[in-house]
1. Need pairs with beta-carbon distance below 8 Å; first residue open to solvent by 100 Å² or more (accessible area, probe 1.4 Å) and within the stretch 1-20, second among the hydrophobic types (A, V, I, L, M, F, W, C) and outside any helix (DSSP H, G or I); sequence gap 6+ or separate chains.
2. May I ask you to list the residues in the stretch 107-128 that are among the hydroxyl-bearing types (Ser, Thr, Tyr) and outside any helix (DSSP H, G or I)?
3. For the stretch 96-112, indicate whether the set of residues that are away from the ligand (no atom under 13 Å from the Cβ), under 30 Å from Gly17 (Cα atoms) and modelled with pLDDT of 95 or more is non-empty.
4. So Thr126 fits all but one of (1) open to solvent by 10 Å² or more (accessible area, probe 1.4 Å); (2) out of contact with any Asp or Glu (no Cβ under 6 Å at 6 or more places or on another chain); (3) away from the ligand (no atom under 15 Å from the Cβ); what number is the exception?
5. Which pairs have Cβ atoms under 8 Å, sit 6 or more apart or on different chains, and link a residue in the stretch 24-48 that is within 18 Å of Phe60 (Cβ to Cβ) to one that is of a type in the set (Ser, Thr, Tyr) and open to solvent by less than 70 Å² (accessible area, probe 1.4 Å)?
6. (1) more than 18 Å from Lys82 (Cβ to Cβ); (2) within 16 Å of the ligand (Cβ to nearest atom); (3) touching a helix residue (DSSP H, G or I) at 6+ places or on another chain (Cβ under 8 Å); (4) modelled with pLDDT of 95 or more: which one isn't true of Arg156, the others all being true?
7. Of all residues in the stretch 21-33, which are open to solvent by 70 Å² or more (accessible area, probe 1.4 Å), more than 14 Å from the ligand (Cβ to nearest atom) and within 18 Å of the chain's Cα centre (by Cα)?
8. Across the stretch 130-160, what is the total count of residues that are in contact with a Ser or Thr (Cβ under 7 Å, 6 or more places away or on another chain), open to solvent by less than 10 Å² (accessible area, probe 1.4 Å) and not in a strand (DSSP E or B)?
Amino acid sequence: MDLAKLIRTIPDFPKPGIQFKDIESITENPEAFSFVINEFSKAMESLLVDKILVLDARGFLFGAALGLQCELPIVMARKTGKLGGECVTESYSLEYGEAEIQLQKTAVTPGDKVMIVDDLLATGGTAKAAAELVSQVGGHVSLIAFVIELEGLGGREKLHDHSIFSLVQF
Ligand code: AMP
């Protein structure tokens, strides 16, 4: 399936100069959505994975579908203030300013092998922060999987300590 052709690009959103990749062009198409989840399953086939960590918010869609298909537990990394209970926190840089994500301390057990799922890799700041959350609670990252990778923004380099999978590159 030619995902690159299918994925809509919205120019100058959310600000001028950004080519926004609209993943709704995948989720609204059951055949394409299924294709993505099957490709993710294949990518993790030979790896040991105990849990899927899904990233707020569009990563939830793909990670939840994958976790259910693979019969694995699904846990969430969320923007600060959205999760209850005791959490670990990581800050990361955005184009303008800083952001923070959190994980509940009990979401990952020390020694757990965790696959992280998000919709898109740009600069890698979000995924790197998520990987740090996993380390903070004693887990290991088996794979970080993205539907889309935007090349030339340094994301893959930032995540050089980890195995990365992306389905379509722009
Ligand atoms: P980054 O931390 O720079 O790798 O950014 C990744 C996050 O920002 C992902 O969770 C995406 O949802 C979002 N994002 C960044 N750039 C784009 C883009 N051009 N189109 C759609 N989403 C984007």
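The values are calculated or read from the model by the stated rules, or taken from the named source; none is laboratory data. Small disclaimer: the values here were computed from a predicted structure and weren't measured. All Cβ positions, glycine included, derive from the backbone under ideal geometry; neighbour counts span all protein chains shown. Please note that ligands, DNA and RNA were not included when accessible areas were found on the heavy atoms of the full protein model with its side chains. Shrake-Rupley method; radii C 1.70, N 1.55, O 1.52, S 1.80 Å.
1. Once the first residue is open to solvent by 100 Å² or more (accessible area, probe 1.4 Å) and sits in the stretch 1-20, no partner that is among the hydrophobic types (A, V, I, L, M, F, W, C) and outside any helix (DSSP H, G or I) comes close enough.
2. Thr109, Thr123 - these are the residues of the stretch 107-128 that are among the hydroxyl-bearing types (Ser, Thr, Tyr) and outside any helix (DSSP H, G or I).
3. yes
4. (3)
5. Listed pairs, sorted by first residue: Ala32/Ser25; Phe33/Thr27; Met44/Ser142.
6. Status for Arg156: all satisfied but (3).
7. Within the stretch 21-33, none qualify.
8. 1
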